[in-house]
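One structure is given below, encoded as structure tokens.
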Amino acid sequence: MNAQLKNAGQSSELLGLRSVLIGSLPATLMTDDAPDRYTVEAVFTRKTDRDEVAAIQGNETRAHLSARGYPTVELHVADRRLEIANTNLEELRDGLATVIADLLAEVSASLQAERGAAADRFQDASDREQARAAAVATLADSVAFTRRSNVDVSDDDARIEDWVEEGGAVRA
């Protein structure tokens, strides 16, 4: 029983962001009509998995951003993109991008550590089960169904009599 825990589609590479999707930015940027805050989309370095998405979009991430001075910023994963809402390019350039990059790396590292610990626990349980099954097989193999040679009926009668005298059976 050589069981292994496989995480299909999960990379050992820490999650990060490559670049801003220029085409997703408001067309009015750097004009008088430009919005103060908008959604900026950035491309992930790799595909995210379900646990990463849940962590990125979770309450802990909101609290993390708020604690670092970005209470209105929201993150949402859309396929291979991170939508960073209620921000702007200047805010990202001036520190938010680093906060997000550190957060993504921390989320990845934490999930990898959790998965590694789970894999270790699974392997330990598998090893213990394999050892237990081997011990049961060894014990079962030690059972021998052999007849006694030269069976003496009188010897059996004597043992039965001893057993009865010790109270092993009720005489009628």
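The values are calculated or read from the model by the stated rules, or taken from the named source; none is laboratory data. As the structure is a prediction and not an experimental result, all values here were calculated from the model. Every residue, glycine among them, receives a Cβ derived from its backbone with ideal geometry; neighbour counts consider all protein chains shown. To get the accessible areas, we keep the full protein, side chains included, count just its heavy atoms, and leave off ligands, DNA and RNA. Shrake-Rupley method; radii C 1.70, N 1.55, O 1.52, S 1.80 Å.
Overall, the chain carries a charge dipole of about 640 debye about its Cα centre when +1 sits on the Cβ of Lys and Arg and -1 on the Cβ of Asp and Glu, all other atoms neutral. Note that the chain presents 70 Å² accessible area per residue, ligands and nucleic acids not counted, probe 1.4 Å.
Ranking Thr146, Val77, His64 by Cα position along the charge dipole of the chain, where only Lys, Arg, Asp and Glu carry charges on their C-beta atoms, puts Val77 farthest toward the positive end.
Size of region 81-147 from its Cα atoms: along the principal axes, largest to smallest, the extents are 91, 16, 12 Å. Computed from the Cβ-Cβ distance with R0 of 35 Å, the FRET efficiency linking Leu14 to Asp36 stands at 0.60.
Throw me the Rg/Rh for region 34-139, computed over C-alpha atoms with Kirkwood Rh, two decimals. Ratio of gyration radius to Kirkwood radius for region 34-139: 1.27.
Using a probe radius of 1.4 angstrom, the carbon and sulfur fraction of the accessible surface of region 100-144 is 60%. Model label sites at Thr28 and Ser126, defined 7 Å from Cα along the beta-carbon direction, differ in position by 5.8 nm. The stretch between Val43 and Leu139 holds 28.6 nm of extra length on full extension. This uses 0.36 nm per residue minus the Cα-Cα distance. Compared with the dominant Cα axis of the chain, that is its longest principal axis, helix 97-141 is turned about 10°. Comparing mean-square fluctuations of Ala133, Ala85, Ala101 from a GNM of the chain with C-alpha springs under 10 Å, the top value falls on Ala133.
Placing a label point 7 Å from the Cα of Glu114 along the Cα-to-Cβ direction, the residues of region 39-59 whose backbone N falls under 13 Å of that point are 49-59.
Site-free segments of the chain were taken between GluC sites (Glu not before Pro) in DSSP loops having at most 11 other Cβ atoms within 10 Å, sites themselves excluded; the longest one is 14-165.
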